[in-house]
Amino acid sequence: MLQPQFKLNAKKEIYVPGDKSISHRSVLFCALSQGKSEIHGFLEGEDPLHTLHCFESMGLSVSSLGKGSYTVISPGKENLQSPQGVLDFGNAGTGIRLSAGLLSGLPQIQATLTGDASLCKRPMARIMNPLKEMGADIRSVEGNDRAPLFIQGKQLKDYSYKSPIASAQIKSALVLAALSSGISIDYQESEVSRDHTENMIRFLGGNIIHHSPIHFTVKPPYVFEGAKYVIPGDISSAAFFIVFGLCGGGSEPLLIKNIGLNPSRIGIITVLQNMGGKIEIVAKRVECGEEIGDLLIFPSKLKRTVITEDLIPSIIDEIPILTVAGLFSEGGFQISHAEELRAKESDRIHSMVSNLEKLGIHVNEVKDGYEFGEVTSIQKTKIETFMDHRIAMSFAILSKLTGVDLTFDDTSWVDTSFPGFFEILKSM
């Protein structure tokens, strides 16, 4: 297995930016709530800022209170207005899919939602089809089930849906449509996906009835008032430095402060602990319905493990950096049941396999994943990021750990989710 050239010989403490998923949702729930809200810990990356600016154009009044903190005043969902121009969500798949759901249930709204070249390649039928069954008027402008999307808001009808895949974006898009249109929704999924939307509904006093961990009903009335949102650090961003701390050498642990530990998101910790990683959670607490804590990461000897299907929804965004951990693991690495990776910012199965092969690694690619045996060395190469922030950050971590000078076609995509990433990496 690969041997790290990097060693941490003094205790290091770092913070990562606010949770991207919760940052998007904080904007949407501010829009649904009447009056004044505050957001603290907001991820000021390109993705959430695009969502914030889109809703500003529909009537939200936003004032900065300092880094990552805002006052947001909403006229209430019934008084949001159609935007004058196209709503540009940049690279934000979460932003466009969740917003499409919310706007579909507002009869006074007419809008076209679009994004950058990468976003306009991603599948949208997965939200469009069930939204149409709810009564939504949503269609692909190009007729290819991709963005741009045209929406004429409608009064939707009560809906029951059993999702064929575990996807927080599908679930949240449909639940937000129900909230905006004042209807009930009964939702089932195959596995538990991240539940930030449900937590926010409970935090605001909404009514959710859980029939099982994968089956719930949300019913009106939805009378949400302005609230104070405190957003924890993003575990998907922390994952890069969790792997860095585990795979690096040295004698001291790495402390990552103020990380969201939502049970639907901590699969990364479970998998890395199963691989032999020593991770301790300290200073646990709860903010806005979300569990938060600090992570102590100790240099560890990792080994190959079986990643079970039930864990995939909770690690789907962390698979690229888990793959890097696999390069330092005895026996190599395998991921399967992860076909959802092909619908991310890039086709992440292809993106990872392509770059691993450039490093001189023999990889077996299948429809829903890939595997490789134990790796002893990698070669210098140029990484193709495929306009994907997580691909760029994963291989940047690999370069730092091994001392192999990897170059990149473009790393600007990192700012969509983790502004300051390279500054933290350089400070190690």
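The values are calculated or read from the model by the stated rules, or taken from the named source; none is laboratory data. Model, not experiment: these values are computed from the prediction. Cβ: placed from backbone, ideal geometry, glycine included. Neighbour counts: every protein chain shown. Heads up: the accessible areas ignore ligands, DNA and RNA and are worked out on the full protein's heavy atoms, side chains in. Shrake-Rupley method; radii C 1.70, N 1.55, O 1.52, S 1.80 Å.
Return yes or no: is R146 open to solvent by 20 Å² or more (accessible area, probe 1.4 Å), of a type in the set (K, R) and touching a strand residue (DSSP E or B) at 6+ places or on another chain (Cβ under 7 Å)? Against the criterion (open to solvent by 20 Å² or more (accessible area, probe 1.4 Å), of a type in the set (K, R) and touching a strand residue (DSSP E or B) at 6+ places or on another chain (Cβ under 7 Å)), R146 qualifies. Looking at S26, S57, just one residue is under 18 Å from the mean Cα position of the chain (by Cα) and either open to solvent by 10 Å² or more (accessible area, probe 1.4 Å) or closer than 28 Å to I297 by Cβ (or both), and that residue is S26. Residues being charged (D, E, K, R) and in contact with a Lys or Arg (Cβ under 6 Å, 6 or more places away or on another chain) are entirely absent from the range 105-120.
Evaluate the following for G105: is it open to solvent by less than 10 Å² (accessible area, probe 1.4 Å) and out of contact with any Asp or Glu (no Cβ under 7 Å at 6 or more places or on another chain)?
yes
For the range 67-85, a residue qualifies if it is within 14 Å of V230 (Cα to Cα) and either assigned to a strand (DSSP E or B) or open to solvent by 30 Å² or more (accessible area, probe 1.4 Å) (or both), and the qualifying residues are K67, S69, Y70, T71, V72.
Residues of the range 117-141 that are open to solvent by 20 Å² or more (accessible area, probe 1.4 Å), part of a loop (DSSP other than H, G, I, E, B) and modelled with pLDDT of 95 or more: G135, V141. Kindly provide the set of residues from the range 176-234 that are in contact (Cβ under 8 Å) with a residue 60 or more places away in the chain, within 28 Å of H337 (Cα to Cα) and not basic (K, R), ordered by number. If the condition is that a residue be in contact (Cβ under 8 Å) with a residue 60 or more places away in the chain, within 28 Å of H337 (Cα to Cα) and not basic (K, R), then L176, E191, V192, S193, D195, H196, T197, N199, G233, D234 are the ones that fit.
Which of the residues spanning the range 73-94 are closer than 17 Å to L179 by Cβ and in contact (Cβ under 8 Å) with a residue 60 or more places away in the chain? Result: S74, K77, T94.
May I ask you to list the residues in the range 142-172 that are in a helix (DSSP H, G or I), among the polar types (S, T, N, Q) and without any contact (Cβ under 8 Å) to a residue 60 or more places away in the chain? Across the range 142-172, there are no qualifying residues. The set of residues from the range 309-339 being more than 14 Å from the chain's Cα centre (by Cα) and either assigned to a loop (DSSP other than H, G, I, E, B) or hydroxyl-bearing (S, T, Y) (or both) comprises T323, F328, S329, G331, G332, S336, H337, A338.
Only one of the listed residues (S354, S399) is part of a helix (DSSP H, G or I), among the small types (G, A, S), open to solvent by less than 50 Å² (accessible area, probe 1.4 Å) and under 30 Å from S23 (Cα atoms). That residue is S399. Checked against the criterion of being part of a helix (DSSP H, G or I), closer than 19 Å to L176 by Cβ, open to solvent by 10 Å² or more (accessible area, probe 1.4 Å) and of a type in the set (A, V, I, L, M, F, W, C), the range 191-211 has at least one qualifying residue. Within the range 360-393, the set of residues being in contact (Cβ under 8 Å) with a residue 40 or more places away in the chain and assigned to a loop (DSSP other than H, G, I, E, B) comprises G373, E374, V375, T376, S377, I378, F386, M387, D388. Taking the range 157-173 as the range and being open to solvent by less than 10 Å² (accessible area, probe 1.4 Å) and in contact with a helix residue (DSSP H, G or I) (Cβ under 6 Å, 6 or more places away or on another chain) as the test, the residues that pass are S163, I170, S172, A173. Within the range 41-53, the set of residues being under 22 Å from S236 (Cβ atoms) and either more than 18 Å from the chain's Cα centre (by Cα) or aliphatic (A, V, I, L, M) (or both) comprises L43, L49, L52.
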